[in-house]
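Engineer: Submitted below is the structure of interest, expressed as structure tokens.
The values are calculated or read from the model by the stated rules, or taken from the named source; none is laboratory data. Being a predicted model, the structure only gives us computed values, none of them experimental. Here the Cβ positions follow ideal geometry from the backbone for every residue, glycine too, while neighbour counts run over all protein chains shown. To get the accessible areas, we keep the full protein, side chains included, count just its heavy atoms, and leave off ligands, DNA and RNA. Shrake-Rupley method; radii C 1.70, N 1.55, O 1.52, S 1.80 Å.
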Amino acid sequence: MSYLDEFVSADAHRISRRVFTAEEIYRQEKRHIFGQNWIYLSHESQIPNAGDYALAYIGETPIIVTRGLDNQIHASINSCTHRGLPVARADRGNTKRFICPYHGWSYDLQGNLGAAPQERKLGIKLDKDNLGLKKVPRVETYLGLIFGCINPLIEPLETYLGDMRWYLDCMFDRSGGGAEVVGTPHKWSINCNWKVPVENQLGDVAHGPHLHGALLKGSSQVDEIERLGFNIVPKDGHGVAVRLMPEDASLEDKIFAKDGLTLFDKETIAYMQEQHAEVEERLGKVRARLKPLCYSIYPNLSLLWGNSTLRVSQPRGAGKTEYWSWWVVGKDIPDSIKMKLQKNYTFFFGPGGILEQEDSEAWTQQYAGNNIDYVDDQYLYFGLGEGEQHKHPELPGMAGSVFNEHYVRAFYKRWKREIEDGMSMEKLDPQLIALKNLA
Amino acid sequence: MKAVNNLKTVHQIQQFYYREARMLDERQFQSWIDLLAPGIEYTMPNRSNCGVDIKLKNKEEILNIDQELSTGLQPHIRDDNLMTLTFRANRPTSGLSMTDNPLTRTRRSISNIEIYKHGHKTFKVYNNVNMSYSKYEKDNHQYNFQRQDVLQVIDGGLKILQRKIIIEWNVITAPTLAMIL
């Protein structure tokens, strides 16, 4: 018997509504999920120059990500060591130092305390080595994607991503210039649990023609994904839905941007066809006919490939999420085509997106439907497609049909294990027990 | 910019906005499409949480709104043309739109209408919109935004040639900005 058996069954077929609504579970998630895993912070293209910074979060904790004068990437907790105010307050910028507005304490780009104006007035020497911003102990990047982790002992990022890298390359290593993330994020508040948007983009292909029926019912793209698609679990907790085009498919059917508003755009299609030889050279023959749809990386980063959007589900309580969403695009692509690709993001997704409005509302309704009484003995059903997943000869990870919910079962099994392990560790730790007794 | 002082023109443009607001509140979205010029550019920039540029200190420019708004390759929240607006207008009548079933209830008030001469047969019009939005039983929200429009006279009638919507939110706390605003 483990702590969470009454919330997630051993096979993860049955999950309690409380997993999405209980504040006590959310408190455990902040400690054992957000405090223990690699969390996406920013993309290198957002801070290209020395002195650039961008704001991010690990769970609810505000983080400053900077490019130092040493040209290295640093991440610190955005809270002054004197009275705790955030010292960086705009979405992005370029600076030499962060100055706390309250008493003027200033910190350099690595988070070290530079000056406290009161030091001179008092004629004292502060112990500056111990009064810097708290550093995020581990910061690593993969193809420009910057992740940070509060746990200094975490495995290297590349191991953590595992075979997910093979799929991420399809967006971030498609051409020599890589990908860039442009502009400040679109942010909006959703009354739902943070795991729900992640789940959706781990591989929930099945909701498309129903929730988005007004636009997608009977569409050729839904037909393509249902015929040629797989839900892949490259590593437990991560997921990706892909279309693997047949070897004899036409070049036009294999390229990027044969989706959405650019489906029939001659300029875009011609450009992508020209580029496809380079894609095949970089990614190989299998990935040259791979068209991903959606990705999630444990615990809270997602990507929509065809719609060129990277998003983070920021938790703000058991029933509140702040969704941050960016546009990401191949850096080498000419601006005129970039602008056309951008509409595949803004028309469909983001706070003004014709599909996203339906997702946001469904996720809000999911919270409303779960935050109720008298049904604790009746679990939500996550068992679709059990046992049907298999190894695929060409695609790394476990592959199931697009209706197989193995991606979400793998996610919740990992989630359950991490919370249980974390709680067990704390139970065994006398220091932590002493702290708890104090509180 | 030269203000329009002809009271008949001012009256016609005010009436145009009140009629448009009622049309949208009465959900006549497909009729609303007829108010658009064929080359309509309909945008809503993203509004960042923006620091000031200290090099501009003591100048009013330091507080300029444009520096907060997405520009160039930076993605707007909305970037529509006649085709995409037509998709949006037709969606609620499909019977398959879950965000329009049950129906969404809105009430728009239009104020602060300022009218300037723009170019040949076009007017630049600033106006503010206050909209109450209600969904399900009690999901009630208040929207407030500015519209910077260019209206064009086509065949004796007014059509919207440009609409740029300026919002105050950085984190959007309303349910969606995907509807016709």
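Engineer: Quick one: A:GLY213 ticks every box in (1) at the interface with another protein chain (Cβ under 9 Å from one of its Cβ atoms); (2) among the small types (Gly, Ala, Ser); (3) under 25 Å from the mean Cα position of the chain (by Cα) bar one, so which box is it?
Structural biologist: (3) is the only condition that A:GLY213 fails.
Engineer: Given (1) in a loop (DSSP other than H, G, I, E, B); (2) outside the structural domain of A:LYS96 (by TED's automatic domain parsing), identify the lone condition not met by A:VAL182.
Structural biologist: The one condition A:VAL182 does not meet is (1).
Engineer: Moving to a separate point now. Test A:TYR407 against the criterion of being facing chain B (nearest Cβ under 9 Å), open to solvent by less than 30 Å² (accessible area, probe 1.4 Å) and in contact (Cβ under 8 Å) with a residue 12 or more places away in the chain, and give yes or no. Give the steps one after another, and end with the answer.
Structural biologist: Values: facing chain B (nearest Cβ under 9 Å): no; open to solvent by less than 30 Å² (accessible area, probe 1.4 Å): yes; in contact (Cβ under 8 Å) with a residue 12 or more places away in the chain: yes.
Against the criterion (facing chain B (nearest Cβ under 9 Å), open to solvent by less than 30 Å² (accessible area, probe 1.4 Å) and in contact (Cβ under 8 Å) with a residue 12 or more places away in the chain), A:TYR407 does not qualify.
Engineer: Would you confirm whether or not segment B:116-139 contains a residue that is open to solvent by 20 Å² or more (accessible area, probe 1.4 Å), closer than 28 Å to A:PRO209 by Cβ and touching a residue at least 60 places away in the same chain (Cβ under 8 Å)?
Structural biologist: no
Engineer: Given the conditions (1) free of Cβ contacts under 8 Å to residues at least 40 places away in the same chain; (2) surrounded by 15 or more Cβ atoms within 10 Å (Cβ to Cβ); (3) more than 13 Å from every other protein chain (Cβ to nearest Cβ), which single one is not true for B:ILE160?
Structural biologist: (1)
Engineer: Across segment A:71-99, which residue is farthest from A:CYS149 (Cα to Cα) among those that are more than 14 Å from chain B (Cβ to nearest Cβ) and without any contact (Cβ under 8 Å) to a residue 24 or more places away in the chain? Even if it seems obvious, please write down each step before you answer.
Structural biologist: Keep residues of segment A:71-99 that are more than 14 Å from chain B (Cβ to nearest Cβ), which gives A:71-77, A:79-85.
Pick out the ones that are also without any contact (Cβ under 8 Å) to a residue 24 or more places away in the chain and you get A:71-72, A:83-85.
Details: A:ASN71: 20, A:GLN72: 17, A:ARG83: 24, A:GLY84: 21, A:LEU85: 22 Å.
If we take residues in segment A:71-99 being more than 14 Å from chain B (Cβ to nearest Cβ) and without any contact (Cβ under 8 Å) to a residue 24 or more places away in the chain, then A:ARG83 is farthest from A:CYS149 (Cα to Cα).
Engineer: Here's another thing I want to ask about it. With respect to A:TYR57, determine if the residue is open to solvent by 40 Å² or more (accessible area, probe 1.4 Å) and touching a residue at least 60 places away in the same chain (Cβ under 8 Å).
Structural biologist: On the way: open to solvent by 40 Å² or more (accessible area, probe 1.4 Å): yes; touching a residue at least 60 places away in the same chain (Cβ under 8 Å): yes.
Against the criterion (open to solvent by 40 Å² or more (accessible area, probe 1.4 Å) and touching a residue at least 60 places away in the same chain (Cβ under 8 Å)), A:TYR57 qualifies.
Engineer: I would also like to ask the following. So which residues in segment A:162-183 are closer than 30 Å to B:ASN49 by Cβ and either basic (Lys, Arg) or open to solvent by less than 30 Å² (accessible area, probe 1.4 Å) (or both)? I'd like the intermediate steps shown before the answer.
Structural biologist: Within segment A:162-183, the subset closer than 30 Å to B:ASN49 by Cβ is A:168, A:171-172, A:177-183.
A:LEU168, A:MET171, A:PHE172, A:GLY178, A:ALA179, A:VAL181, A:VAL182, A:GLY183 - these are the residues of segment A:162-183 that are closer than 30 Å to B:ASN49 by Cβ and either basic (Lys, Arg) or open to solvent by less than 30 Å² (accessible area, probe 1.4 Å) (or both).
Engineer: Do you know which of the residues in segment A:195-210 that are part of a helix (DSSP H, G or I) and among the small types (Gly, Ala, Ser) is farthest from the other protein chains (Cβ to nearest Cβ)? Break it down into steps so the answer makes sense when it comes.
Structural biologist: Going residue by residue through segment A:195-210, those that are part of a helix (DSSP H, G or I) are A:195-203, A:208-210.
From what's left, among the small types (Gly, Ala, Ser): A:203, A:208.
Details: A:GLY203: 21, A:GLY208: 12 Å.
Filtering first and then ranking leaves A:GLY203.
Engineer: Can you name the residue in segment B:23-55 that is free of Cβ contacts under 8 Å to residues at least 60 places away in the same chain and away from chain A (no Cβ under 14 Å) and, of all such residues, is nearest to B:ARG88 (Cα to Cα)? Quick ask: steps written out before the conclusion?
Structural biologist: Step one: of segment B:23-55, the residues free of Cβ contacts under 8 Å to residues at least 60 places away in the same chain are B:23, B:26, B:28, B:31, B:33-34, B:38, B:46, B:50-55.
Next, from what is left, pick out any that are away from chain A (no Cβ under 14 Å): B:23, B:26, B:28, B:31, B:33-34, B:38.
Details: B:MET23: 15, B:GLU26: 16, B:GLN28: 12, B:SER31: 13, B:ILE33: 10, B:ASP34: 14, B:PRO38: 16 Å.
Applying the filter and picking the extreme gives B:ILE33.
Engineer: Does B:ASP66 qualify as being away from every other protein chain (no Cβ under 13 Å), under 26 Å from A:PHE349 (Cα atoms) and exposed (fewer than 13 other Cβ atoms within 10 Å of the Cβ)?
Structural biologist: On the way: away from every other protein chain (no Cβ under 13 Å): yes; under 26 Å from A:PHE349 (Cα atoms): yes; exposed (fewer than 13 other Cβ atoms within 10 Å of the Cβ): yes.
Yes, satisfied.
Engineer: Using beta carbons and a limit of 8 Å, which pairs, at least six apart or on different chains, have the first residue in segment B:60-80 and of a type in the set (Asp, Glu) and the second one not in a strand (DSSP E or B)?
Structural biologist: The qualifying pairs are B:GLU68/B:SER48; B:GLU68/B:CYS50; B:ASP79/A:GLN342; B:ASP79/A:LYS343; B:ASP79/A:THR346; B:ASP79/A:PHE347; B:ASP80/A:PHE347; B:ASP80/B:ARG88.
Engineer: Taking the conditions exactly as written (in a helix (DSSP H, G or I), within 13 Å of another protein chain (Cβ to nearest Cβ) and open to solvent by 20 Å² or more (accessible area, probe 1.4 Å)), does A:SER336 satisfy them or not?
Structural biologist: Numbers: in a helix (DSSP H, G or I): yes; within 13 Å of another protein chain (Cβ to nearest Cβ): yes; open to solvent by 20 Å² or more (accessible area, probe 1.4 Å): yes.
Yes.
Engineer: Now for a different question. Being surrounded by fewer than 21 Cβ atoms within 10 Å (Cβ to Cβ) and free of Cβ contacts under 8 Å to residues at least 12 places away in the same chain, is that true of even one residue in segment A:222-239?
Structural biologist: yes
Engineer: Looking only at residues that are polar (S, T, N, Q) and open to solvent by less than 30 Å² (accessible area, probe 1.4 Å) in segment B:75-112, which one is farthest from the other protein chains (Cβ to nearest Cβ)? Lay out the reasoning, then the answer.
Structural biologist: Our first condition is that a residue be polar (S, T, N, Q); within segment B:75-112, this holds for B:81, B:84, B:86, B:90, B:93-94, B:97, B:99, B:101, B:104, B:106, B:109, B:111-112.
Checking the rest, the ones that are also open to solvent by less than 30 Å² (accessible area, probe 1.4 Å) come to B:84, B:97, B:99, B:104, B:106.
Values: B:THR84: 5, B:SER97: 4, B:THR99: 5, B:THR104: 10, B:THR106: 14 Å.
Per the stated criteria, the residue is B:THR106.
Engineer: Looking only at segment A:292-325, how many residues end up being outside any strand (DSSP E or B) and farther than 23 Å from B:ARG78 by Cβ? Write out each step before concluding.
Structural biologist: Step one: of segment A:292-325, the residues outside any strand (DSSP E or B) are A:298-300, A:305-308, A:316-320.
From what is left, the residues that are farther than 23 Å from B:ARG78 by Cβ are A:298-300, A:316-320.
Looking only at that region, the number is 8.
Engineer: Ok, one more. Say whether the condition of being closer than 30 Å to B:ALA174 by Cβ and surrounded by 23 or more Cβ atoms within 10 Å (Cβ to Cβ) is met by at least one residue in segment A:387-397. Talk me through it step by step, then tell me what you get.
Structural biologist: Let us first name the residues in segment A:387-397 that are closer than 30 Å to B:ALA174 by Cβ, namely none.
The answer is no; no qualifying residue exists.
A quick yes/no check of all residues on (1) within 14 Å of chain B (Cβ to nearest Cβ); (2) touching an Asp or Glu at 6+ places or on another chain (Cβ under 9 Å); (3) at pLDDT below 95; (4) not in a helix (DSSP H, G or I):
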position: A:ASN193; (1), (2), (3), (4): no, no, no, yes
position: A:GLY218; (1), (2), (3), (4): yes, no, yes, yes
position: A:GLN221; (1), (2), (3), (4): no, yes, yes, no
position: A:ASP253; (1), (2), (3), (4): no, yes, no, no
position: A:ILE269; (1), (2), (3), (4): no, yes, no, no
position: A:GLN275; (1), (2), (3), (4): no, yes, no, no
